[in-house]
Amino acid sequence: MQHPIETETGFVGHFHDGLGWYVYPTHRFKTITLQAFWINDMDPATVSFGALLPHILKRGTVSWPNFTAIQQQLESLYGATFRADVGKIGDKQLISVSLEIIHGQYLPGKPDTLKAGLEFLNEVINRPRLDSDGAFEREFVTQEKELLTRQIHALINDKGQYALYRLIETMAKGRPFGLRKLGRVEDLAKVTPDALYGYYQTVHRTSPFVLIAVGDLDPDVIASYVTANWNGSRRELVKTQPYTPLNRDYEVIERQPVQQGKINLGYSTRRTFASTEYPALMMYAGILGGFAHSKLFVNVREKASLAYYAYARLDAALALMVIGAGIEFDDYPAVKRIIGEQLEAMRRGDIDDQEMHFTVQAFHNDILSEEDVPTQLIGRQMEKLVLGGGLSGEAMIQALESVTVPEIQRVAEDITLDTIYFLTTDHSATGGDEAQGE
Amino acid sequence: MNEITNEVIGESIYLNQLSSGLTVAVARRPGFKKVFATFATHYGSIDNTFVIPGTEEPVTVPDGIAHFLEHKMFEKEGGGDVFNDFAALGASSNAYTDYTSTTFLFSSTGRVAENLEILLDFVQRPYFTEANVDKEKGIIEQEIRMYLDMPQDRLHSNLMGALYQNHPVRLDIAGSVESIRTITPELLYQCYQTFYHPSNMVVLVVGDVDPESIWRQVERNQDRKGFTLQSPIARIFPSEPPAVRVPRVEQRMPVSAPLFMIGYKDTQISGTGDALLRREVAISLMWQMLLGKGSPLYAELYQAGLINERFHARYSGGTTFGVSAIGGETLDPRRLESWLVERLPNQELSREDLARLKKKEMGEMIGLFQSPEDLAYAFNNMFFRGIDLLHYIDVLSSITLDEIQEVRDTQLQERSRAVSLILPVAGNESKED
């Protein structure tokens, strides 16, 4: 078989009728990375099932009936890295199973680790351990529900992530993109082993599926593996819906016993990855807060000494931008003002040649650097697939290079503040809260 | 340059040393788009008492000064910072400080020679003033406060404070909000002159580069600066008794469930080089055999609902300290603790597990060479302890079950054991207004 290489991304392969595969053939890596995805809509009714499923798949298969057996098998495969996980792009929940394994040619005796890796994936995805009634093991489901519940609660341990999630949730106002990839505790409580097994069967049969591989391997092996194991009549991938703002300058202040305040601002950008103006938007966010030379870092950190970090980041799927910084509680008004001034400067086109040049170069560096990391290459291909287009690699670099200041000003015009979220102190923790020994 | 190869994993590192004592190392990654380079000094947070070269009396400097110095190196004479010099060449730059080292780095997909020149020059050109030192205090205070809100960071930091009575590894790497306020330009220069001498440093370049041309460039750059050999640095560490400072330490924070960590202070740590490596590999294998994801004890604890998948057991250390830390989130810290304390000394160690875990370690070592950041961290960390990274595989394959048994007996001492807990604050509901 001959498969055309997508020159822009370096991947070989295709995706249609909800089924596909991609291979990035290269001698650069000593590992082979395989990652399989099911792509589903974020839906309050099913998001908890999607979050729980990978945990069950990790617990046991027909050949390796428990967690220990699976882990020992991975150790025998020269410490292969195995993940069964859930991810989120825009309003899509991705259930993924991945394996990174050393290519046999670099190992004593040259074992066929690609074959072993595909067999492993096959076991986990297609041959989960079932109980005598033909459903998932009840005990596994009960235990994993409990652990996932705790993991959802544990969001509060990471103040930066917590603040970010609360911002997005507030902006979503009940829309699916505001759900966490792990789902909600109240929905998870209702999941039964039988219903979960039913969900697995449905997803297995109908959800859009793609297998992506990176390494020194023959694309035909992956192509025939997918053809042999997966049917072609699956649900089509539905394009991600960008968000429309429902708030304007809405402010939420939350109090906890913390040592540092977290300010997060959410903006509507009106442009997604697939937009022809997305490169201009990338330049906008890069100049504003993508790097150490950016306006936010320079003005909030270097000039005013108000923060250790200050960034602006785009969500390419949802057409939104988030600005974040960790600050002193009392500096909230000052930081808000400085951030506002930077956005105003962007709108005025107050951008010099150096900022343009540095930002193009920094993106250039980031984009090429991704190509040295197999999982980042896969992430890029997935984003392109789920978002239905957009530029990547060299084509993106060229597009960024041709962006002009007026084009950045044009995208700046449409950027509106949706919500400000501030996590601040409840004054119950003092500055020197020391640990107490017994 | 001298090529040092390990045949089993088919990897090489090129090494050479300049007359100033600076070591230059290169790991080639053919086909890689990115070049990752570090310039590191064997100077970290624990080096807080030392003799300044040319003087007699030891000095003790404020906690967190190594990290503060790392921040200040990016400042240039006449204003402006080094981030911009790298940005002009499309490179990104950063730095980090740990207990024993400070590392400056850049990553770029082009113009390697120019970027390397900037790296070599800014790390060797300090510029500290009252104004620029004062300005940094606000930034670092926010960095410290960020860590104070990270429960995992507190958990580990509190454990170190419980295990160690005197050794400065008991202190936070960044110091405290109070200690950094006492830092002055004069103190920074003292530390700089002592620890940033080329003989205390190593340059490492990872990427699709020619080792010889890297060597020649560094040599030319250093020739211009006229460094002479400096006598070895006198670092002074207090003696550390085998007993812990306190056996338990607890802190309340806004967390969803208790975080538990049990630690063992390594009281046998000594020497450098292969002996140190051998001990570290044996202890690491021991923890994987006892509590790795494929171990029976891990399965039992998981089955009992005492741990989750992020539970871990690992050893880390320098030449003057070493700690095994085991922990994670649990709803029942007391039960987890007693289970571990009872089972760890008696759990069976099997030959079959050892053989399998050696395969795992070997695969991970091959994988390490594919990640420039991780490779640089591992290489520098070992280099400063006199360890040759490429000896790892040979040492690994020769470790015996008896050695694992022996390190277990020396590691699991009750008097050197402490527990750190982060407990939820009472009524941990967030309030909104």
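If eta is 0.890 mPa s and T is 25 °C, what Stokes-Einstein diffusion coefficient results for the range B:324-389, Kirkwood Rh from Cα pairs, in µm²/s? Each step should come with its number before you reach the end.
Numbers: Rh = 15.3 Å.
The Stokes-Einstein estimate is 160 µm²/s.
Any idea what the dipole of the range A:1-146 comes to, in debye rounded to 20, about its Cα centre with Lys/Arg Cβ at +1 and Asp/Glu Cβ at -1?
Working: 13 positive and 18 negative charges, 95 e Å.
The dipole magnitude comes to about 460 debye.
What size of dipole, in debye to the nearest 20, comes out for the protein assembly as shown about its Cα centre when the only charges are +1 on Lys and Arg C-beta atoms and -1 on Asp and Glu C-beta atoms?
In debye, rounded to 20, the protein assembly as shown gives about 1220.
Ratio to report: Rg/Rh of chain A, with Cα atoms as the point set and Rh obtained by the Kirkwood method; give two decimals.
Rounded to two decimals, Rg over Rh is 0.99.
Report, to the nearest 10°, how far helix B:112-122 tilts away from the longest principal axis of the Cα atoms in chain B, using its own Cα long axis and a range of 0 to 90°.
Helix B:112-122 sits roughly 90 degrees off the main axis of chain B.
Work out the charge dipole of the protein assembly as shown with +1 on the Cβ of Lys and Arg and -1 on the Cβ of Asp and Glu about the Cα centre, then indicate which of B:VAL51, A:GLY18, B:PRO198 is farthest towards its positive end.
Value: A:GLY18.
For the range A:288-333, place one equal point scatterer on every Cα, skip the solvent, and apply the Debye formula. What is log10 of I(q)/I(0) at q = 0.27, 0.28 Å⁻¹?
For the range A:288-333 at q = 0.27, 0.28 Å⁻¹, log10 I(q)/I(0) is -0.93, -0.97.
What is the dipole size for chain B, taken about its Cα centre, with +1 at each Lys and Arg Cβ and -1 at each Asp and Glu Cβ, in debye to the nearest 20?
The calculation lands at about 420 debye.
Take the alpha-carbon positions of the range A:250-425, form their convex hull, and give its projected area averaged over all directions (one quarter of the hull surface) in nm².
For the Cα atoms of the range A:250-425, the hull's average projected area reads 10.4 nm².
Using only atoms on other chains, find how many Cβ atoms lie within 10 Å of each Cβ of peptide A:26-33 and report the average.
3
Of all GluC sites (Glu not before Pro) in the range B:1-43, which ones are in loop regions per DSSP and have a Cβ with at most 11 other Cβ atoms within 10 Å?
Taking the range B:1-43 and a limit of 11 other Cβ atoms within 10 Å, the loop GluC sites (Glu not before Pro) found are B:GLU7.
How would you rank A:290-300, B:333-343, A:417-427, highest first, on the average number of other Cβ atoms within 10 Å across their residues?
Peptide ranking by packing, descending: A:290-300, A:417-427, B:333-343.
Across peptide A:351-364, how many C-beta atoms of other chains are within 10 Å of each residue C-beta, on average?
Partner-chain Cβ atoms within 10 Å, mean over residues of A:351-364: 3.
Please turn the phi angles of the range A:232-247 into ³J(HN,Hα) values with the Karplus equation 6.51 cos²θ - 1.76 cosθ + 1.60 (θ = phi - 60°), one per residue in order, whole Hz, x for glycine and proline.
x, 9, 10, 5, 6, 6, 8, 4, 5, 8, x, 8, 10, x, 10, 10
With N set to the residue count of the range B:2-235, report its C-alpha Rg divided by 2.2 N^0.38 Å to two decimal places.
Scaled against compact globular proteins, the figure is 1.06.
Any chance you could get the radius of gyration and Dmax over the Cα atoms of the range A:255-317, in Å?
For the range A:255-317, the Cα radius of gyration and maximum Cα-Cα distance read 14.0, 45 Å.
Over all directions, what mean area does the Cα convex hull of the range B:265-415 project, stated in square nanometres? If you can, show how the numbers build up before the last one.
Numbers: hull surface 36.1 nm².
It is 9.0 nm².
Could you list which residues have their amide H under 5 Å from that of A:TYR24, counting only those 5 or more apart in sequence or on another chain, with H placed in the peptide plane?
Excluding prolines and chain starts, which carry no amide H, the hits are A:VAL12, A:ALA213, A:VAL214, A:GLY215.
Students often check this: by mean Cβ neighbours within 10 Å, which of B:159-165, B:414-420 ranks highest, and how do the rest follow?
So the peptides B:159-165, B:414-420, ranked by packing, come out B:159-165, B:414-420.
How far, in degrees from 0 to 90, does helix B:372-383 lean away from the longest principal axis of the Cα atoms of chain B, to the nearest 10?
With both axes taken from Cα atoms, the answer is about 90 degrees.
Computed FRET efficiency, Cβ-Cβ of B:ALA243 and B:THR182, R0 22 Å: what is it to the nearest 0.05?
Calculated value: 0.10.
For the charge dipole of the protein assembly as shown, defined by +1 on Lys and Arg C-beta atoms and -1 on Asp and Glu C-beta atoms about the Cα centroid, which residue among A:GLY389, B:ALA378, A:ALA36 has the Cα displaced farthest towards the positive pole?
A:ALA36
Normalising by the residue count of chain B, find the relative contact order in percent from Cα pairs under 8 Å and 6+ residues apart. Each step should come with its number before you reach the end.
Details: 776 pairs, mean separation 96.5, N = 433.
Computed value for chain B: 22 percent relative contact order.
If you wrap chain B's Cα atoms in a convex hull and average its projection over all directions, what's the area in nm²?
Mean orientational projected area (chain B, Cα hull): 23.2 nm².
Determine the relative contact order of the range B:274-331: mean sequence separation of Cα pairs under 8 Å and six or more apart, normalised by residue count, in whole percent.
On the way: 57 pairs, mean separation 16.5, N = 58.
For the range B:274-331, the relative contact order is 28 percent.
Relative to the first principal axis of the alpha-carbon coordinates of chain A, what is the inclination of helix A:353-370, with its axis defined by its Cα atoms, in degrees from 0 to 90 and to the nearest 10?
In chain A, helix A:353-370 runs at an angle near 10 degrees to the longest axis.
Report the relative contact order of the range A:12-229, percent, no decimals, based on alpha-carbon pairs under 8 angstrom and at least 6 residues apart.
39 percent
What distance in nm separates the two pseudo spin-label positions at B:GLU414 and B:LYS76, each 7 Å out from Cα along the beta-carbon direction?
6.2 nm
Per-residue counts of other Cβ atoms within 10 Å, averaged by peptide: what ranking do you get for B:239-248, B:363-372, B:388-397, highest first?
Those peptides, ordered most packed to least, come out B:363-372, B:388-397, B:239-248.
Within 10 Å of each Cβ in A:291-299, how many Cβ atoms from other chains are there, averaged over the peptide?
Partner-chain Cβ atoms within 10 Å, mean over residues of A:291-299: 3.
Against the 2.2 N^0.38 Å scaling, with N counting residues, where does the range A:12-229 land? I'd like the Cα-based Rg ratio to two decimal places.
1.07
For the protein assembly as shown, what ratio Rg/Rh do Cα atoms give with a Kirkwood hydrodynamic radius?
Answer for the protein assembly as shown: 0.94.
Taking the Cα-to-Cβ direction at B:GLN405 and at A:GLU8 and moving 7 Å from each Cα, how far apart do the two end points lie in nm?
Output for this residue pair reads 6.4 nm.
Since every read-out is calculated from the coordinates, none of them should be taken as a lab result. Owing to the predicted nature of the structure, the values given are computational and were not obtained by experimental measurement. All Cβ positions, even for glycine, are placed from backbone atoms using ideal geometry, and neighbour counts span all protein chains on display.
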